[in-house]
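So the structure is just underneath, and the comments pick up after that.
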Amino acid sequence: MTDHDLKALAREVLAGNQFMVLGTVDPSGRPRVSPVWFTLVDHHAYWLSSPDAHHSRNLEQRPDVSMVVFDPCAGPGTGWAVYLEATAARVPVDELEEACATAFRDVEEPLAWTPERLASEPFVLYRARVTRTEVHVRGSDFGDGTGSDQRVPVDL
C-alpha cells in the first residue's frame, strides 16, 4: 500500500465511525479503556463526558491518551483500524464557544452541543490534540509473505 492509500484509508475509517475506544491510565498505572462518541476535526478529537467518569479523572492526572477507531461490525481479517496518540484536557470555559462550534459543525441536532446546553448537563467537552496516527494493516495486505499485521504511521 502506498502512503497515499494509507492516508485515504485512515480518513475513511475515521469518517465512517462515531465511536472510539479511549485509553487512559490511572494514578497507580493501571490502564482503562472506554468507548466514547467522538468527532475529529483538524487533528483534534472531541468528546463529551462526565468529569466524574473514571477515564475523565484519569486524564486530569495523566493527559496522555491513546485511542483506536475501527468498524466493530467487520468480520475477522476484514477490518481496518486507526490508532491515535494524543494529549487531552477539558476544554476551558473561555474556549467553549469556539470549541463547540468546531467540534459539532458537521453534527446534526440533537448531538450538536452548545455552551448553553452544556451548562445545564452533567457533561463537559474534552479535546485531544492528536500527535501520532497509525493504520492497522493486515499482514496479507503487504504482499511480503510474512502474514504479520503491522501498525504503519501516517500523516493526515
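At a glance:
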| item | result |
| --- | --- |
| Candidates PRO72, PRO153 - the one that is exposed (fewer than 14 other Cβ atoms within 10 Å of the Cβ), more than 21 Å from ASP42 (Cβ to Cβ) and within 18 Å of the chain's Cα centre (by Cα) | PRO72 |
| Strands (runs of 3 or more DSSP E) contained in region 2-54 and holding at least 2 residues touching a residue at least 24 places away in the same chain (Cβ under 8 Å) and crowded, with 16+ Cβ neighbours inside 10 Å | 19-25, 39-41, 44-49 |
| Count - residues of region 107-156 that are assigned to a loop (DSSP other than H, G, I, E, B) and modelled with pLDDT of 90 or more | 6 |
| So THR78, is it over 30 Å from GLY29 (Cα atoms) and of a type in the set (S, T, N, Q) | yes |
| Yes/no for ALA86 being part of a strand (DSSP E or B) and farther than 19 Å from HIS4 by Cα | yes |
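The values are calculated or read from the model by the stated rules, or taken from the named source; none is laboratory data. Everything numeric here is computed off the predicted structure, so don't read it as measured data. Don't worry about glycine lacking a Cβ; one is built from the backbone with ideal geometry, like all the others, and counts go over all protein chains shown.
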